[in-house]
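The values are calculated or read from the model by the stated rules, or taken from the named source; none is laboratory data. Since we're looking at a predicted model, the values are computed, not measured. Virtual Cβ from ideal backbone geometry, glycine too; neighbours counted across all protein chains shown.
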Amino acid sequence: MEKQSGILNSHEPAVDLQYIRESLLAALDSPNGQMKTKDVIRHLHEAQRCERAIREKELLQRYGSQVISYFAEGAEVEPRKIEPKLIPITEPDSLWGRIFRVATLLWSVPVSKGYGRRMRYLVVDQYNGKLIGIIGLGDPVFNLKCRDEWIGWNVNERRKYLASVFDAYVLGSVPPYSLILAAKLIGSLVASQEIRVMFRERYARREGIISKCMKDSHLVLITTTSALGRSSVYNRLRLSGMVDFVKIGTTEGWGHFTVTDDLFQQVRTVLKMYEDPYFSNYKFGQGPSWRLRALRKACDILDIDRDLLRHGIKREVYAVPLATNWREILLGTEVMPEYQYHSVSEISTAALQRWVIPRSERMPEWSCWTRQNTWDTLTKYVI
């Protein structure tokens, strides 16, 4: 770990390599031999979740009283009268954008901001004006082995047609709706025609981020990945003729979620010190995520075994076909998708009858949920 000379600017603070090495080792020292139960996975995400919550402290202090009014109490929910509406978020600093940011703090696993093309929605119950859940869609990762093998892509096909795929990086409901299986309702809505229409309005005839070529993409497939290993929400999420979440494989258990943002910034100072281009050379489409690649290079510099980045959590990967000829579109043998046109209203009606209403009648505890319960969860780390 001998430091190269003449690299650091004389005005920059000294880099404590030993401290950063020990901090990184501690962060990566997850119990790889331990069974990865959902509770264990939640615990492994705790530091990052706490860090994200603290960064939103000002948001909660400034807008908390306004935003919390959009979260329901159990007494305000009528399962048989739930009427979901998609509200697209066009301005991150709008009221809707703040509600979305606050809602993500309820997730056990910290929610990313997505990257590249993005579409974000609040799902609001028109019956009472309260938040049911959120949907965040964005560009998928370029390399995902199980997805590419399932589709049948080679490298060139993936590069050409990936623009017709979106990834649901956050998808779920908030309490008390989450207590009556509304997460399955929210998941089902990604197959709605309203989302496909907005995709075309925003991204038709756009230059591809990777290819730099003009593309006229149609959204024909949505992927998503379970947060806590095996997914009880996505498993058997199917509405005949409308929605089908197909399990296509699992991730390989590599990742960096135990490395907090603050620690990663320290790691970047090491890369900068050694004039390593991964300090700031993020470019979408260059293999695994820039952050993971940067950490691998830092491990080499700091004499840390790269295999410690294998946390061993196998996350389930699901795909939701949106057209009957989705595979032909993604392989380039057909151009125009053959959609089945199902609206938010149609899908919601089916999902409510299939999951939400029966659960609300079998397990009435949800009706006791209060806004204070939600606020206590939101402010667990910051107030």
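Worth pointing out:
- CYS146, sole failed condition from (1) under 23 Å from LEU181 (Cα atoms); (2) in contact (Cβ under 8 Å) with a residue 60 or more places away in the chain: (1)
- Test for ARG101: is it closer than 26 Å to GLY332 by Cβ and surrounded by 16 or more Cβ atoms within 10 Å (Cβ to Cβ): no
- Answer residue from the stretch 234-269, given it is modelled with pLDDT under 90 and of a type in the set (A, V, I, L, M) and is surrounded by the fewest Cβ atoms within 10 Å (Cβ to Cβ) among those: LEU263
- Residue list for the stretch 330-358, restricted to those being surrounded by 17 or more Cβ atoms within 10 Å (Cβ to Cβ) and under 17 Å from PRO84 (Cβ atoms): HIS342, VAL344, ILE347, SER348, ALA350, ALA351, LEU352, ARG354, TRP355, VAL356
- Matching residues in the stretch 165-207 - criterion: being of a type in the set (Gly, Ala, Ser), surrounded by fewer than 21 Cβ atoms within 10 Å (Cβ to Cβ) and more than 18 Å from the chain's Cα centre (by Cα): ALA204
- Condition broken by LEU137, with the remaining ones in (1) touching a residue at least 24 places away in the same chain (Cβ under 8 Å); (2) surrounded by fewer than 18 Cβ atoms within 10 Å (Cβ to Cβ) satisfied: (2)
- Residues of the stretch 327-367 that turn out to be basic (Lys, Arg) and free of Cβ contacts under 8 Å to residues at least 24 places away in the same chain, as a count: 1
- Take the conditions (1) touching a helix residue (DSSP H, G or I) at 6+ places or on another chain (Cβ under 6 Å); (2) closer than 20 Å to TRP369 by Cβ; (3) of a type in the set (A, V, I, L, M, F, W, C); VAL124 misses just one of them, which is (1).
- Total residues in the stretch 53-70, condition of a type in the set (A, V, I, L, M, F, W, C) and under 16 Å from GLY97 (Cβ atoms): 4
- Restricted to the stretch 62-93, and to residues there that are modelled with pLDDT under 95 and in a loop (DSSP other than H, G, I, E, B), the residue that is surrounded by the most Cβ atoms within 10 Å (Cβ to Cβ) is PRO92.
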